[in-house]
1. Please identify which residues in segment 315-333 have an amide N closer than 20 Å to a label point set 7 Å out from the Cα of S390, following the Cα→Cβ vector.
2. Assuming 0.36 nm per residue, please report the length gained on full extension of the stretch N37 to S190 beyond their Cα-Cα distance.
3. Name the long-range amide H neighbours of C279: under 5 Å, sequence gap of 5 or more, or other chain; modelled H, no Pro or chain starts.
4. Once label points are set 7 Å from the Cα along Cα→Cβ at both Y217 and D50, what is their separation, rounded to one decimal in nm?
5. Please report K262, K298 as a ranked list, fewest other C-beta atoms within 10 angstrom at the top and most at the bottom.
6. What's the FRET efficiency of E346 with Y2 using the Cβ-Cβ distance as r and R₀ = 45 Å, to the nearest 0.05?
7. Please enumerate, by chain and number, the aspartates and glutamates with C-alpha under 18 Å from the C-alpha of K298, excluding those fewer than 8 residues away in the same chain.
8. In nanometres, what is the gap between the two model label sites at K316 and H148, each 7 Å from Cα along Cα-to-Cβ?
Amino acid sequence: MYKKILLVSPASRVATMADVHPPLNLGYIAGYLEKHNIEVRIVDEHVGHDIKKEIKAFMPDIVGVTATTPLALEAYRIAGIARDAGCITVMGGRHASILPSEALEHVDMVVVGEGEKAMMKIVNGSVDKIVKSDYVKDLDELPPPAWHLMNMEHYLTVRKKDRYSRTHLYFIPPDMRVGAHVTMRGCPYSCVFCYNSWKDAPLRFHSAQRVTSDLIYLVEKYKVQAMFFMDDDMFAHKKRLKEICRLMKENKINIIWGCQAKVDSINLELLEIAKEAGCRQVGFGFESGSQRILNILKKGRTTVEQNAEAIRLCKKAGILSFASFMVGNPTEEIDDLEATYRFVKEHDIDMVGAMITTPYPGTELWDWCKKNNLIPEKVDWSMYTTAEESVSACNTIAASTIRKYKDNIEFCKRPLTIQEILGKIWESPLLLLALFKNPRNALSYLLNTKFIRNLTFRH
């Protein structure tokens, strides 16, 4: 039986939510291992750890690395360092679960699926190269994430200096201490582009009582003032959400919070209940303003009209809406992109994010791209960030056009800081001229970003 485990979360080369939230997946595994008297440490490269120094100081028996697809190469690099130090190397996460044979070229063992029980098998001496997970049926049986093993002060205060988090968590003032939590696993949907949940994983939830106790702990221990729930759909279990909100009010958990939801999960009653309990923002994956594209993406029962209704309901409930869109979809044409751009312009969305549709291994979209020769023979996983137009699922529109629409859809409604606006003006002679042609309205130009947005969009 092994006694010392080092768990590592690699850093991304592009800004993501992982930069500002603790690696909760590793936190849950660490909490589970500690419950079984295993000594664990967590290293998050986003915080700036030196892997070699951490291994030398801790001298672990096993180094476990987690990775999504764009972080696979970095995970392999870390595994190489651990191997050179004489450690057993294990890789888990979505990429390794989908491509275990590839991962085994770089590590000693691979975890397929959830990590808690699989890591215990390895700790107890499993000799299998591929260790398949036994899913945790009752999430309440899991101990809370090992918060004490993560640099919580860093995550709680990083927004003071991190522009990415201030953009995507715009409903939270930068000086607030903001935490993050996951209260469900699995996903009932089958969107062709998503591997966010294991396809065979059952849908499971922490109870409302457990969610409440975790929140009380975070508020009392770490003085958390705001929370972002990273669940795929916080509104999926309506009875549970109502109970969470009731218990938050009953226990005087006075925090503001945001979450994600599917448009067909919400209704006005639920939104109003959530608002009373502190909810200030709900994020939706609208993906496209073209119904044809939504159908191709297999967005379930989602329609363009439902997306518009979700915005209206949020407004009526007094909750901010965040909408994410995808460009460069299979068979997408200019008319489809124009439909998305018009949708954003015509609807009162509070915040918009846009990404390039990226074919991840293990998805139906990946299979379609392989069939249509859109996957290169040699794949550079570091490019699979949803920000690279060269890695797109579209063969009907030029990459430069995909990039243009991504930038302009996102820019269309994104609230900018004064610093960002000034930067845009300085970079563009056109904007600079527009500003100084009418000095009387200079302040309006700075605050009314629609002026700048309209100037920067070009067909």
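1. Within reach of a label on S390, which here means backbone N under 20 Å from a point 7 Å along Cα→Cβ, segment 315-333 contributes 327-329.
2. Details: separation 153, 0.36 × 153 = 55.08 nm, distance 3.84 nm.
Separation in residues times 0.36 nm, less the Cα-Cα distance, equals 51.2 nm.
3. The list, which skips near neighbours in sequence, is W257.
4. Modelled inter-label distance: 3.3 nm.
5. Lowest count first: K298, K262.
6. 0.20
7. Those aspartates and glutamates meeting the cut-off are D200, D232, D233, D264, E287, E332, E333, D336, E364, D367.
8. Each label point lies 7 Å from its Cα, and together they span 4.8 nm.
No lab work stands behind these numbers, since they all come straight from the coordinates. Being a predicted model, the structure only gives us computed values, none of them experimental. All Cβ positions, even for glycine, are placed from backbone atoms using ideal geometry, and neighbour counts span all protein chains on display.
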